Amino acid sequence: MQLSRDELLHAYRLMRTIRAFEDRVHEEFQAGNIPGFVHLYAGEEASAVGFCMHLKEGDYIASTHRGHGHCIAKGCDVRAMMAEIFGKKDGLCGGKGGSMHIADLEKGMMGANGIVGGGPPLVCGAALTAKTLKTGGVAIAFVGDGGSNQGTTLESYNLAKVWNLPAIFVIEDNGYAESTASSWAVAGSQVGRAAGFGIPGYEVDGHDFFAVWDVAREVIERARMGGGPSLVHVRFSRYYGHFEGDAMTYRGKDEVPRLMAERDCLKLFRNRVLEAALLDAAELDRIDREVAELIDRATAEAKAAPMPSEADLLTDVYVSYH
Amino acid sequence: MPKKTYRQAINEALRQEMERDPRVILMGEDVAGGMGSPGEDDAWGGPLGVTKGLMPRFGRERVLDTPITESAFIGAAVGAAVTGLRPVAELMFVDFFGVCFDQIFNQAAKFRYMFGGKAKTPLVIRTMYGAGFRAASQHSQCLYSIFTHIPGLKVALPSNAYDAKGLLIQAIRDDDPVIFFEHKAMYDEEAEVPDEPYTIPFGEAAVTREGDDVTIIAMGRMVNFANQVADKLAKEKIGVTVVDIRTTSPLDTETILDTAAETGRVVVVDESHPRCSVASDIAALIAQEAFEHLKAPVKMVTAPHAPVPFSPALEDLYIPSPQKIEAAVREVLAFSARA
Ligand SMILES: Cc1ncc(C[n+]2csc(CCOP(=O)(O)OP(=O)(O)O)c2C)c(N)n1
Ligand SMILES: [Mg+2]
């Protein structure tokens, strides 16, 4: 493991922030305080953080409908994110996008996406920009197992390969697309698909932050050095329903509690760093407390923030319109 | 007559047509749900439970869950339709049409014409549309005008549970491709719906209110708003006729022109954007064919030329409301041409 102490603390803080953010959004949704379609990332934190920790300014990611975790890992402001999800004027997108369209291009976050398979072509474009302008940047498309079957995704593999783009496709396989099992819906294997396009492919346990971090470093470095695209198949699970309000009757009995007890990425991380005496428990506990305070504050501020007003309805349809 | 929701009416139409004709099949993402999953089968019945119960009754061979690959499965429905099945494919939200439009407008819509009348494509695409769910820009659009624009497609837009059942059965029995629009905010709305199958012919508008002063032409969910306005204004002795066009293609131009001529004052209400819309199409029709009867310019009430916003505060301002419709009615009433 080549993570410094600071990096370890940072990784833990990011994963804890995502978890606490999602748990709070879940509570607030249950209480009727958050409108619309909300898809939570709890259980999947190691993927967003394991990849995004290797990214620099000028690198881009494109996310999915399940986008809060990617936003946080890429450095989006948590308080503005919460305000966005509450539909407030101070939100990251002025309340116009909401959970499914949360974005911050200045941070290299090209948006959550309401269209499954919307991200991979966009990432080819971001990678093309980096290549053309010689920025040394890379771009990562996070794609669900369901999204991996979309034509746009498969076409993007081909384009990224023939143009030798600094693009990375991260297939986040949480076992389901809505209620449909990935084991049924995905023909062949993700890694086999990559091979079909002549792209290096990897499979990794997404509960294990360190495993993700290792693979991420390799594929991002390759892309940065001009070695072209890679694909990583990350396997894990989501803790909440497909969207908030999903009764999850399609899941196995005890599936979620068992995963939370045995394969939780935060617990595994904590055990690992404590056993190896890399960090001590008090430091991690302090991060937990600080994150809880941050989320409390973000939520209270989001609730108190003003709604957009009529004057905002028709702004930003165009840059200019004449 | 039994009361049923819009959701139940659609489910019943599908079930009865599948019972009647073994060539009718359903396909779509999670139309049953639970495919390959360890828990319950038929776990979803579509995201809002509209097709629930159909898979247990007809089996996985006639109710097909699909991977998320609209281009392939909508295209497969087109190909199956032209070779002997009568598929009802679900495009979960109409906003996703961008992924699969070629198969609809270049393939399904054009076979019959391009092949010199030799093809039949009895396909139905059921799809959810409309704002009001706080579902933001990519899950709230109407988009029916885009399908209406394409020769070869038929477009139905039921405004209530009764029409939903009759129009859907008609769509399934129709030999041309039909895009069937279901408003996501109407699934729980009830109406009297007969138990037995029945059809409502395409291109026949319904006059849902009658009055002498103003004519409102509306479609989809906007019909309900228009009816509310008509009922309210009736108390002030303002007579409002409401026309529910029911299908945008074919369009019942006769009823539109007759009712427009009767009052000479027309408001067209459309939840979609104003440009190149069904509303502007109808307004143009009236301007061309009923000009001599008009006492005021035709007024359109539509959403603005902007995407659908997420924030509830903005979305409520965005959607054409009964208040906006009422104001438009008063405006056309107050208009008097200077000689
Ligand atoms: C083009 C398109 N088709 C369908 C949907 C509806 N939908 C939203 S999320 C989803 C499942 C996505 O599954 P997956 O890619 O595995 O991501 P996960 O939800 O598991 O994170 C579906 C079918 C959509 N938003 N866009
Ligand atoms: Mg998934």
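Ignoring the sites themselves, what is the longest stretch of chain B with no chymotrypsin sites (Phe, Trp or Tyr not before Pro) in a DSSP loop and at most 14 other beta-carbon atoms within 10 Å?
Numbers: sites that count: B:F115, B:Y198, B:F335.
Longest site-free region, per DSSP loop and neighbour criteria: B:199-334.
Could you compute the FRET efficiency for A:E290 and A:E7, with r as their C-beta to C-beta distance and R0 at 25 Å, rounded to 0.05? Walk me through the numbers before you get to the answer.
On the way: r = 17 Å, r/R0 = 0.70.
With a Förster radius of 25 Å, E is 0.90.
Relative to the compact-globule scaling 2.2 N^0.38 Å, provide the ratio for the alpha-carbon radius of gyration of segment B:3-192. Don't skip to the end; give the middle numbers.
Working: Rg = 15.5 Å, N = 190, 2.2 N^0.38 = 16.2 Å.
Segment B:3-192 yields a ratio of 0.96.
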| note | Residue-normalised 222 nm signal for the protein assembly as shown, counting each DSSP H run of n ≥ 4 as -39,500 (n - 2.57), nearest 500 deg cm²/dmol, is -12000 deg cm²/dmol
| said: Greater than 30 Å separation of Cα atoms is the criterion. Which listed pairs, A:K88/B:K232; A:K303/B:K52; A:K96/B:K110; A:K107/A:K303, meet it? | reply: A:K88/B:K232; A:K303/B:K52; A:K96/B:K110
| request: List every residue whose amide H lies under 5 Å from the amide H of B:L64, counting only residues 5 or more places away in sequence or on a different chain, with H placed 1.01 Å from N in the peptide plane. | output: B:L26, B:M27, B:G28
| field | Cys with no candidate disulfide partner in chain A (beta-carbon separation under 4.7 Å rule) | value | A:C52, A:C93, A:C124, A:C265
| query | Can you list the HN-Hα couplings for segment A:169-178, worked out from phi with the Karplus curve (6.51, -1.76, 1.60; θ = phi - 60°), rounded to whole Hz and with x for Gly and Pro? | reply | 10, 10, 8, 8, 9, 9, x, 9, 10, 6
| said: Taking amide H atoms as placed 1.01 Å from N in the peptide plane, list the residues 5 or more away in sequence, or in a different chain, whose amide H sits under 5 Å from that of B:R209. | reply: B:V242
| task | With unit charges on the beta carbon (Lys/Arg positive, Asp/Glu negative), name the residue among B:C142, B:P67, B:A284 whose Cα is farthest towards the positive pole of the charge dipole of chain B. | result | B:A284
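With the alpha-carbon atoms as the only input, what is the per residue convex hull volume for segment B:228-324 in Å³? If you can, show how the numbers build up before the last one.
Numbers: hull volume 11.1 nm³, N = 97.
Output value, Cα hull per residue: 114 Å³.
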| task | Rounded to whole Hz and in sequence order, give me ³J(HN,Hα) for segment B:303-308 from the Karplus expression 6.51 cos²θ - 1.76 cosθ + 1.60, θ = phi - 60°, writing x for Gly and Pro. | result | 5, x, 7, 7, x, 7
| What residues of segment A:16-49 lie in the reach of a label at B:D188, counting those whose backbone N is under 18 Å from a point 7 Å from the Cα along Cα→Cβ? | A:29-38
| request: Within 10 Å of each Cβ in peptide A:152-160, how many partner chain Cβ atoms are there on average? Round it to a whole number, please. | output: 1
| request: Loop sites only, by DSSP: take the trypsin sites (Lys or Arg not before Pro) in chain B that have at most 11 other C-beta atoms within 10 Å and name the longest stretch containing none of them. | output: B:1-117
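How high is the relative contact order of segment B:3-192, in percent, counting Cα pairs under 8 Å that sit 6 or more residues apart? The partial results should precede the final answer.
Working: 388 pairs, mean separation 48.9, N = 190.
Dividing the mean separation by the residue count of segment B:3-192 yields 26 percent.
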| task | Would you mind checking which residues have amide H under 5 Å from A:D264's amide H? H placed 1.01 Å from N; only 5 or more apart, or other chain. | result | none
| Taking θ as phi - 60°, what are the ³J(HN,Hα) couplings along segment B:280-292 by the Karplus curve (6.51, -1.76, 1.60), each to the nearest whole Hz, with x for Gly and Pro? | 5, 5, 5, 4, 5, 4, 5, 4, 7, 9, 10, 3, 5
| task | Run the quick spin-label model on B:F115 and A:E218: label points 7 Å from Cα toward the beta carbon, then report their separation in nm to one decimal. | result | 5.1 nm
| task | Return, ordered by residue number, the residues of segment B:66-86 whose backbone nitrogen is under 20 Å from a label point located 7 Å along Cα→Cβ of B:D175. | result | B:78-86
| said: I'd like the GluC sites (Glu not before Pro) in segment A:1-81 restricted to DSSP loop residues with at most 16 other Cβ atoms within 10 Å, sorted by number. | reply: A:E57
| How far apart, in nm, are the 7 Å Cα→Cβ label points at B:D21 and A:A31? | 5.3 nm
| task | Over segment A:180-322, calculate the relative contact order: mean separation of alpha carbon pairs under 8 Å at least 6 apart, over the residue count, as a percent. | result | 18 percent
| query | Looking at segment B:133-228, which GluC sites (Glu not before Pro) are in a loop (DSSP not H, G, I, E or B) and have at most 16 other Cβ atoms within 10 Å? | reply | B:E204, B:E210
| query | For chain A, which span is the longest to avoid every loop-located (per DSSP) member of chymotrypsin sites (Phe, Trp or Tyr not before Pro) having at most 12 other Cβ atoms inside 10 Å? | reply | A:1-317
| remark: Among A:L9, A:A141, A:G228, the residue whose Cα sits farthest towards the positive end of the charge dipole of chain A (+1 at Cβ of Lys and Arg, -1 at Cβ of Asp and Glu, taken about the Cα centre) is A:G228
| message | For peptide A:35-41, what's the mean number of Cβ atoms from other chains within 10 Å of each residue's Cβ? | response | 4
| task | Please sort by residue number the trypsin sites (Lys or Arg not before Pro) in segment A:1-85 whose DSSP state is loop and whose Cβ has at most 13 other Cβ atoms within 10 Å. | result | A:K56
| When Cβ neighbours within 10 Å are restricted to other protein chains, what is their mean count per residue of peptide A:172-184? | 6
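Coordinate-derived values only; no laboratory data. Please read these numbers as outputs of a predicted model, since none were measured by experiment. Positions of Cβ are backbone-derived with ideal geometry, glycine not excepted, and every protein chain shown enters the neighbour counts.
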